[in-house]
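J.: Provided herewith is a single structure, encoded as structure tokens, for subsequent inquiry.
The values are calculated or read from the model by the stated rules, or taken from the named source; none is laboratory data. Quantities reported herein were computed from a predicted structural model and do not represent experimental measurements. Please note: Cβ atoms are built from the backbone with ideal geometry, for glycine as well, and neighbour counts cover all protein chains shown. Calculation scope for accessible area: heavy atoms of the full protein, side chains included, ligands and nucleic acids excluded. Shrake-Rupley method; radii C 1.70, N 1.55, O 1.52, S 1.80 Å.
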Amino acid sequence: MNEPSFTLSELNRQVKDAIRDRLPETYWMRAETSDVRRNRNGHCYLEFVEKDAVTQSIIAKARGVIWSNVFQMLSAYFENETGQQLSSGINVLVRVSVEFHELYGHSLTVVDIDPSFTMGEIARNRQFVLKQLEEEGVLALNRELVLPELANRIAVISSPTAAGYEDFCDQLKNNHGGFVFYTKLFPAIMQGDRSEASIITALEKVYQYRELFDAVAIIRGGGASSDLNCFDSYLLATNAAQFPLPVISGIGHERDVTVLDIVAHTRAKTPTAVAEFFIAHLAKTATELIDLEERTVSESESRMMKERSDLFSLSRDLVHQSSLMIQREVAVVQQLSDKMKYGVRRLLQHQSHALENRAQFVQMVSPINILKRGYTLTLKNGKIVASLHDLSVDDVIETRFSDGFSTSVITKTKKSVP
Amino acid sequence: MQKMTYTEAKKELETIVSDIESGELDVDALTEKVKRASELIAFCKEKLTKTDKELQKILDDIE
């Protein structure tokens, strides 16, 4: 064995030199973060992994470090740009220097990060998940559910200790409409690696009691982390989309719209906004009820008013018509009685007139009156002489006047020629 | 009535209101309908604003 040999440290130094010679620059590298943690000095240690696009099995892995001063700058920049913390499970584009340490081995030191790559990756992933959901025909299922008019029984999926959960409950309890709400908490882990499975488990629990609820609120807020990874997960999204109750999301994110937000029946920004959504929904329901009530009251009132006025005018008409009728009848009777009076009077007048005439005539034709007018009455032997035949010369006749008589002797008779 | 859902009550109420507004009811029928409408409105209002203790208990008991 004449060949020279190295000690481990000698060999490692060779590797270190070779790497430094061969890879002297810093390089942009695409990888997924894993196992991100910070030590108490503020340095960030993590793993970079690359997964096979199809099998998702890890095909490359390297340790990485971001020194405290760099991390403070980069993490703030990254969070500001992407809206999420630099945490595990994120696809990143980082500028690294390749290091090799005799004791610690190979590692990558991060000197810069490009948040737009991550945003692109998140967006790409979202598009991918959304497309998958669409192809399976489940994307719009939850959105198509109708929230019942009286949606006041709410299953809440949240971390029990989150400030957002408290805000949500307070907001509902102190609503100005005086509406009653029933909430039931189904606790779940809302951030980190276990959140996806935890939220799905909570959804499955709600499903068992689905008859008791009108809607599910998935809320999160108040935590420092803004790790939204799980809300872009296909598994959670497909569960939520196919859930039989409307899902209302309020995962406390102002800027981003996660896949969960998209498949949810309604997306609100914060837990408080979810509560406001429920309150507004009941307020609308109450408004519709009050509208129906007002329509009932006003319609029935105006109808009864009309009936009363109809009745009044009917009764007025009745009085008017009947008094008119009576007046007319009275007039007829009056007329008749007038007519009768007149008739009787005329009749009486007529009769008395006739009587008078008769009396006059009787008077006029009485012998006394006739004698008064110059006529005389001739009697022979006490009998009225009406014809010359009864008389002869030398007959003694009595001539009667109105005021006495005379006696004469007939000396001559002569018939008048007709 | 107690077994009715809010939606059922509301639907019946809407039918009654449109009947009332049709103006084709006689006064007796109108009075009946208004009476029923008042009951339904009271029922709905109670659902909106009164806590159902029984339901609250059922929810509280879920483990």
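J.: When you scan segment A:240-250, do you find a residue that is within 14 Å of another protein chain (Cβ to nearest Cβ), under 15 Å from A:SER158 (Cβ atoms) and among the small types (Gly, Ala, Ser), even just one?
T.: no
J.: If you take the residues in segment A:268-293 that are more than 30 Å from B:THR15 (Cβ to Cβ), open to solvent by 30 Å² or more (accessible area, probe 1.4 Å) and touching a residue at least 24 places away in the same chain (Cβ under 8 Å), which one is farthest from the other protein chains (Cβ to nearest Cβ)?
T.: Per the criteria, the residue is A:THR270.
J.: Here's a follow-up. Show me the strands (runs of 3 or more DSSP E) entirely contained within segment A:347-418 in which 3 or more residues are open to solvent by 50 Å² or more (accessible area, probe 1.4 Å). Spell out how you get there, then give the answer.
T.: Numbers: elements: A:377-380, A:396-401, A:404-409.
Where strands (runs of 3 or more DSSP E) fall fully within segment A:347-418 and carry at least 3 residues being open to solvent by 50 Å² or more (accessible area, probe 1.4 Å), they are A:396-401, A:404-409.
J.: What's the total number of residues in segment A:38-83 that are part of a helix (DSSP H, G or I), open to solvent by 100 Å² or more (accessible area, probe 1.4 Å) and of a type in the set (A, V, I, L, M, F, W, C)?
T.: The total comes to 1.
J.: Which residue out of A:MET29, A:MET1 is at pLDDT below 90 and either in a strand (DSSP E or B) or farther than 25 Å from A:ILE122 by Cα (or both)?
T.: Checking each option against the conditions leaves just A:MET1.
J.: Next question, about the same structure. May I ask you to list pairs of residues, at least six apart or on different chains, whose Cβ atoms are under 8 Å apart, with the first in segment A:201-217 being closer than 11 Å to A:LYS184 by Cα and facing chain B (nearest Cβ under 10 Å) and the second being open to solvent by 70 Å² or more (accessible area, probe 1.4 Å) and modelled with pLDDT under 95?
T.: Cβ pairs passing all conditions: A:LEU212/B:ILE58.
J.: Evaluate segment A:67-90: report whether one residue or more is at pLDDT 90 or above, aliphatic (A, V, I, L, M) and touching a helix residue (DSSP H, G or I) at 6+ places or on another chain (Cβ under 7 Å).
T.: To start, the set of residues in segment A:67-90 that are at pLDDT 90 or above comprises A:67-78.
Applying the additional criterion that residues be aliphatic (A, V, I, L, M) yields A:70, A:73-74, A:76.
Now restrict to residues that are touching a helix residue (DSSP H, G or I) at 6+ places or on another chain (Cβ under 7 Å): none.
Checked against the condition, which is being at pLDDT 90 or above, aliphatic (A, V, I, L, M) and touching a helix residue (DSSP H, G or I) at 6+ places or on another chain (Cβ under 7 Å), segment A:67-90 yields no hits at all.
J.: Another question, if that's okay. Mind counting the residues in segment A:9-42 that are farther than 14 Å from A:VAL96 by Cα, in contact (Cβ under 8 Å) with a residue 24 or more places away in the chain and over 59 Å from the mean Cα position of the chain (by Cα)?
T.: 6
J.: State all residues of segment A:92-101 that are farther than 30 Å from A:ARG124 by Cα and either within 59 Å of the chain's Cα centre (by Cα) or surrounded by fewer than 14 Cβ atoms within 10 Å (Cβ to Cβ) (or both); if no residue qualifies, say none. So that I can check it myself, show each step before the final result.
T.: Taking segment A:92-101 as the starting set, the residues that turn out to be farther than 30 Å from A:ARG124 by Cα are A:99-101.
Correct list: A:HIS101 only.
J.: Now a separate question. Whether any residue in segment B:44-62 is in contact (Cβ under 8 Å) with a residue 12 or more places away in the chain and more than 8 Å from chain A (Cβ to nearest Cβ) is what I want to check.
T.: no
J.: For segment A:166-184, which residues satisfy the criterion of being part of a helix (DSSP H, G or I) and either open to solvent by less than 40 Å² (accessible area, probe 1.4 Å) or on the phi > 0 side of the Ramachandran plot (or both)?
T.: Passing the criteria: A:PHE168, A:CYS169, A:LEU172.
J.: Kindly list the number of the only condition in (1) open to solvent by 30 Å² or more (accessible area, probe 1.4 Å); (2) of a type in the set (S, T, N, Q); (3) within 14 Å of chain B (Cβ to nearest Cβ) that fails for A:THR161.
T.: (3) is the only condition that A:THR161 fails.
J.: Next question. How many of the residues in segment B:17-32 are within 8 Å of chain A (Cβ to nearest Cβ) and among the charged types (D, E, K, R)?
T.: Going through segment B:17-32 one residue at a time, the tally reaches 1.
J.: Something else now. For the subset of segment A:199-237 comprising residues that are at pLDDT below 95 and polar (S, T, N, Q), which member is surrounded by the fewest Cβ atoms within 10 Å (Cβ to Cβ)?
T.: Restricting to residues being at pLDDT below 95 and polar (S, T, N, Q), the top hit is A:SER225.
J.: While we're looking at this one, here's another question. Restricting to segment B:34-43, name every residue that is under 27 Å from A:ASP310 (Cα atoms) and more than 8 Å from chain A (Cβ to nearest Cβ). Before the answer, list the steps.
T.: Of all residues in segment B:34-43, those under 27 Å from A:ASP310 (Cα atoms) come to B:34-38.
The answer is B:LYS35, B:ARG36.
J.: Output yes when any residue across segment B:7-16 is within 9 Å of the chain's Cα centre (by Cα), more than 10 Å from chain A (Cβ to nearest Cβ), within 17 Å of A:GLU293 (Cα to Cα) and open to solvent by less than 80 Å² (accessible area, probe 1.4 Å), and no when none is.
T.: There is at least one residue in segment B:7-16 that is within 9 Å of the chain's Cα centre (by Cα), more than 10 Å from chain A (Cβ to nearest Cβ), within 17 Å of A:GLU293 (Cα to Cα) and open to solvent by less than 80 Å² (accessible area, probe 1.4 Å).
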